Every structure is written in structure tokens, then in C-alpha cells.
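What follows is a set of notes on a single structure, which appears directly below.
Nothing in this text is a laboratory measurement; each read-out follows from the coordinates by a stated rule. Since this is a predicted model, take the numbers as computed values, not measurements. Neighbour counts are summed over all protein chains in view; Cβ atoms, including those assigned to glycine, are modelled from backbone coordinates with ideal geometry.
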Amino acid sequence: MRLLIGGALSACCSAAAADSHLDTHAKDVVRLGCALIATITGLVLGLLINSGKNSFDAQRDDIRLLTAKIEMLDYLLDE
């Protein structure tokens, strides 16, 4: 939602900005700022996905260990 509001606000501001504010230096600064925000967003999303995967892997390993222990108990009781 914030991204949508930010995009709409930037579109309004860019339409209202005078041509003197849109020289090549200002455009380069804005372009670099957008690239920095995109890079940070990508890093945060990558860390979030990695954290979720690690949690899933830990739960999967616990379930596999529990299953192996139940199988071992079944084998020992069968003996």
C-alpha cells in the first residue's frame, strides 16, 4: 500500500516540477536513489525468504528425526 501511495505521490510531484529542476544531474540522483532502494528491497526480500526456508527446513528435519525414532522404536518392540 505504501508503495502505491509513494508511486502516486512521485507521479504528482514529477508532473508539478519545473523543467529547471529536471536537469541531468537531478535525474541521475533520482535514478541512483531508485536503484539503491530497489537493491535494498531485493536484499530484504532475499533475507525474508531465506529465513522462511530455514524455518521450514528445521521443522522438516525435526519431523524426519521423529519419524526415524518411531521407526526404530517399532523395530525394537518387534524384536
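P(r) tail for region 18-77, what percent of Cα pairs lie past 14 Å? Percentage above 14 Å: 75. Here the 3J(HN,Hα) profile of region 54-63, calculated from phi with Karplus coefficients 6.51, -1.76 and 1.60 at θ = phi - 60°, is 5, 5, 4, 4, 5, 5, 4, 5, 5, 5 Hz, Gly and Pro shown as x. With each label modelled as a point 7 angstrom along the Cα→C-beta vector, the K69-L48 pair spans 3.5 nm. Taken along the Cα-to-beta-carbon direction at a fixed 7 Å, the label points for L36 and D61 span 3.8 nm. Remark: region 67-79, residue by residue, has Karplus-estimated 3J(HN,Hα) of 5, 5, 5, 5, 5, 5, 4, 4, 5, 5, 5, 5, 6 Hz, where x stands for each Gly or Pro and the curve is 6.51 cos²θ - 1.76 cosθ + 1.60 at θ = phi - 60°.
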